[in-house]
Amino acid sequence: MTESSVDMQPGQILAKGVCRFLVDEGLAPVTELSPVRGLRTDVTAVAPNGEIWIVECKSSVADFRSDAKWEGYLEWCDRFFFAAPAGLPDDLLPDDHGLMFADGYGAGIIRGAKKRPLAAARRKAQTQRIARVAALRLRGLADPGVKGLISPSDF
């Protein structure tokens with residue numbers, strides 16, 4: 001199967017570039033992760049030092065203005081970033097969070113994110129959630145027949 005962005009939504013294309021960048025920087029990213037019911041992050045990543053980063057991909061001004069949930073992600077990470085395509089007005093996005101410009105091939109940090117350390121119990125729970133989701137997704141790719149045995153809430 002060849003890699004293609006043809007069937008991907010703009011936010012998914014940004015997430016792909018963000019993930020490539022994060023891997024290059026030594027982080028382990030997972031896309032579409034639900035830290036709690038009702039929230040689903042675009043990209044959540046674990047850094048080598050155990051920090052948890054969340055990156056919210058915004059493909060357009062309308063995409064940002066229509067999203068009221070992103071503030072709920074702040075309590076689930078040590079660092080929070082927006083990722084946007086080059087050309088999106090960067091003054092649109094709140095300047096008290098990190099900013100990346102991204103495309104389908106990579107990303108770069110334009111503005112760093114302040115560290116807001118998670119409580120130890122929340123970090124442990126979030127790290128375990130990330131590990132479980134990543135492991136179950138990998139198992140589903142290796143053995144498509146196992147998907148029927150996995151609860152949708154595990155993803």
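The values are calculated or read from the model by the stated rules, or taken from the named source; none is laboratory data. The shown structure was predicted, so the numbers you read here are calculated from the model rather than taken from an experiment. Here the Cβ positions follow ideal geometry from the backbone for every residue, glycine too, while neighbour counts run over all protein chains shown. Areas reflect the complete protein model, heavy atoms only, side chains present, ligands, DNA and RNA absent. Shrake-Rupley method; radii C 1.70, N 1.55, O 1.52, S 1.80 Å.
Take the residues of segment 50-84 that are among the aromatic types (Phe, Trp, Tyr) and open to solvent by less than 10 Å² (accessible area, probe 1.4 Å): which is farthest from Gly108 (Cα to Cα)?
This residue is Tyr73.
Scoring Gln12 on the criteria (1) under 11 Å from the mean Cα position of the chain (by Cα); (2) closer than 26 Å to Ala119 by Cβ leaves a single failure, condition (2). Looking at segment 22-35, I want the residues that are farther than 15 Å from Asn49 by Cβ and of a type in the set (Val, Ile, Thr) and have a partner that is open to solvent by 30 Å² or more (accessible area, probe 1.4 Å) and not in a strand (DSSP E or B) with Cβ atoms under 7 Å, at least 6 apart or on another chain. Which pairs are those? Cβ pairs passing all conditions: Val30/Ala134.
Among the candidates Pro89, Pro117, the residue that is more than 13 Å from the chain's Cα centre (by Cα) and either part of a strand (DSSP E or B) or at pLDDT below 95 (or both) is uniquely Pro89. Filtering segment 112-133 to residues that are within 29 Å of Leu93 (Cα to Cα) and open to solvent by 90 Å² or more (accessible area, probe 1.4 Å) leaves Lys114, Lys115, Pro117. Could you go through segment 40-48 and let me know if any residue there is over 18 Å from Gln9 (Cβ atoms), surrounded by 20 or more Cβ atoms within 10 Å (Cβ to Cβ) and touching a Ser or Thr at 6+ places or on another chain (Cβ under 6 Å). Among the residues of segment 40-48, not one is over 18 Å from Gln9 (Cβ atoms), surrounded by 20 or more Cβ atoms within 10 Å (Cβ to Cβ) and touching a Ser or Thr at 6+ places or on another chain (Cβ under 6 Å), which makes the answer no. Here Ser59 clears all of (1) at pLDDT 95 or above; (2) among the polar types (S, T, N, Q); (3) over 22 Å from Ile130 (Cα atoms) except the condition numbered (1).
Could you list, in sequence order, the residues of segment 85-107 that are under 10 Å from Val18 (Cα atoms) and surrounded by 13 or more Cβ atoms within 10 Å (Cβ to Cβ)? Scanning segment 85-107 gives Met100, Phe101, Ala102, Asp103, Gly104, Gly106, Ala107.
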